[in-house]
Amino acid sequence: MANFLYILNLICQVLLIIVPLLIAVAYFTLAERKVLSAVHQRQGPTLVGIFGLMQPFADGLKLFLKEIVIPSSANTIIFLLAPILTFMLSLVSFAVVPFEYGMVFADLNVGVLYLFAISSLGVYGIIMAGWGSNSKYAFFWC
């Protein structure tokens, strides 16, 4: 029972860090879209909710309902694991970022080294996506 409570506490801590982070990124994207629409002198995202504040949730719903398109010659496992790896590495990097005094998921002595290591692994998701697509154009830059 104690092991279950420890795992439940760990999951709650992870969610307390990840969910506000994802919501903040969604609203930063909304702010960017509003600024770009003002620069282009056009109407920005204002149709969903009051002043367009529900637009990030509509974008997320659209993303989850999209059809998954896999090229016919692709290595399916690698092609599907590439974005998962990239997304997970970007979230794992926030484990050592202190959000408040004493509010950090992993208090490491080598936090900066950890950030460098995780950020250098992020390129493997891009390499895997190109390799998994089995396209000759994915590796033209090599």
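The values are calculated or read from the model by the stated rules, or taken from the named source; none is laboratory data. The structure displayed is predicted, hence computed values, not measured ones. Neighbour counts are summed over all protein chains in view; Cβ atoms, including those assigned to glycine, are modelled from backbone coordinates with ideal geometry. Areas reflect the complete protein model, heavy atoms only, side chains present, ligands, DNA and RNA absent. Shrake-Rupley method; radii C 1.70, N 1.55, O 1.52, S 1.80 Å.
For the chain, report the accessible area per residue in Å² (1.4 Å probe, heavy atoms, rounded to an integer).
Solvent-accessible surface per residue comes out at 78 Å².
Determine the share of region 8-109's accessible area contributed by carbon and sulfur atoms, expressed in whole percent, with a 1.4 angstrom probe.
Carbon with sulfur: 72 percent of the solvent-accessible area.
Counting pairs of alpha carbon atoms under 8 Å apart in space and at least six apart in sequence, what relative contact order in percent does the chain give?
22
So for region 60-134, averaging the separation of alpha carbon pairs under 8 Å that are six or more residues apart and normalising by length, what relative contact order in percent results?
48
Excluding residues fewer than 8 places away in the same chain, name every one of the aspartates and glutamates whose C-alpha is closer than 19 Å to that of LYS34.
Those aspartates and glutamates meeting the cut-off are ASP59.
Helix check for the chain. Which DSSP H runs span at least 27 Å along their own axis by Cα, with a mean Kyte-Doolittle hydropathy no less than 1.6?
Helices meeting the span and hydropathy rule in the chain are 2-39.
Which value, in Å² and to the nearest 10, is the accessible area of SER90 when all protein chains are kept and the probe is 1.4 Å?
Approximately 50 Å² for this residue.
According to a simple spin-label model (label point 7 Å from Cα along Cα-to-Cβ), what is the distance in nm between PHE116 and LEU21?
Simple spin-label model gives 2.1 nm for this pair.
Using a Cα-Cα cut-off of under 28 Å, which lysines could be cross-linked to LYS136, ignoring same-chain neighbours fewer than 8 residues away?
LYS66
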